[in-house]
Structure formats: C-alpha cells, structure tokens
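Working notes for the structure below.
The values are calculated or read from the model by the stated rules, or taken from the named source; none is laboratory data. None of the values given here were measured: they were computed from a predicted structure. Ideal geometry is used to build each Cβ from the backbone, glycine not excepted, and the neighbour counts take in all protein chains shown. What goes into the accessible areas is simple: the full protein's heavy atoms, side chains included, and nothing from ligands, DNA or RNA. Shrake-Rupley method; radii C 1.70, N 1.55, O 1.52, S 1.80 Å.
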Amino acid sequence: MKRLFPIIVVLFASFGCSKDKDTQNPVILLTTPTLGQVFTNGASIQIIGTVTDDKIVNEVLVRVTNAVTGAVIIEFTSTPQSPSTSLNYMLGANSGIHYRLQVIAKDGVRNDARVTVEFTCN
C-alpha cells in the first residue's frame, strides 16, 4: 500500500484539478442602437458592437423582436471560434414598432452574457 500512495497522489494531481478553468463570461459591447433610441420610418437600424472572451467566443445570437407581440423580426447566429468578434447587422425601421434587441454570447464552456436594448420607430 505504501508503494501505491505516491502513484495515487501523482494521478490525482495530474487529473484531479485543472488550472485552466474558464469562469469568465463573454463581454458584449453594443455601440448601436442605444436604449430608448428613436428611429424614423424607413431609416436603417445598424446593430454594431463587439463580443470578447478571455478564451473563445463560441456562439453569438442576435435577435430582434417586436417588444409588444414577441414576433421575431430577425435572428442571426454565428460561431466565431475566436477570442473576439464584431457585430454588424442592419434592418429597416417600420413606423409604430417597439423593438427589442437581444444579444446572447456563449464561450467554449457555455459561460454566457446577455444584453437587451429596446428602441422604437415613430
């Protein structure tokens, strides 16, 4: 038994704990649209921002819905597989719609970040 103890300790030290645990959520920086921004009918709404992570951005979901009805207006999913990615999407503004933009980012171990911004078109 005394001979097995050093082997067990070495195995535990090698496999029992990981030094590279990813506990940090991705970071979403949304430049536009801004909270409460008002667009005119027919204007182009640009969705611009960045998503970063200390390891890897695995998945990004960009969803725009009608905030009143919940109807999905646009939805994009990307799988950048890199430490950072840019957001650059566009949609046309329609009069009388209260929009809700959600950006959800996940890293390689499924840590996630979420940003929600509401804006309107008159």
> Of all residues in the stretch 53-77, which are closer than 25 Å to Gly108 by Cβ, surrounded by fewer than 16 Cβ atoms within 10 Å (Cβ to Cβ) and not aliphatic (A, V, I, L, M)?
Replying inline: Asp54, Lys55, Glu75, Phe76, Thr77
> So which residues in the stretch 83-97 are under 13 Å from the mean Cα position of the chain (by Cα) and open to solvent by 20 Å² or more (accessible area, probe 1.4 Å)?
Replying inline: Pro83, Ser84, Thr85, Ser86
>> Can you tell me which of (1) surrounded by 14 or more Cβ atoms within 10 Å (Cβ to Cβ); (2) of a type outside the set (Ser, Thr, Tyr); (3) closer than 30 Å to Lys21 by Cβ is the one Arg100 doesn't meet?
In response: (3)
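Let's see how each residue does on (1) over 20 Å from Thr34 (Cβ atoms); (2) without any contact (Cβ under 8 Å) to a residue 24 or more places away in the chain:
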site: Asp53; (1), (2): yes, no
site: Ile74; (1), (2): no, yes
site: Pro80; (1), (2): yes, no
site: Leu91; (1), (2): no, no
> What are the pairs, 6+ residues apart or on separate chains, where a residue within the stretch 10-33 that is open to solvent by 70 Å² or more (accessible area, probe 1.4 Å) has its Cβ under 8 Å from a residue that is assigned to a loop (DSSP other than H, G, I, E, B) and modelled with pLDDT of 90 or more?
Replying inline: Thr23/Asn111; Gln24/Asn111; Asn25/Asn111
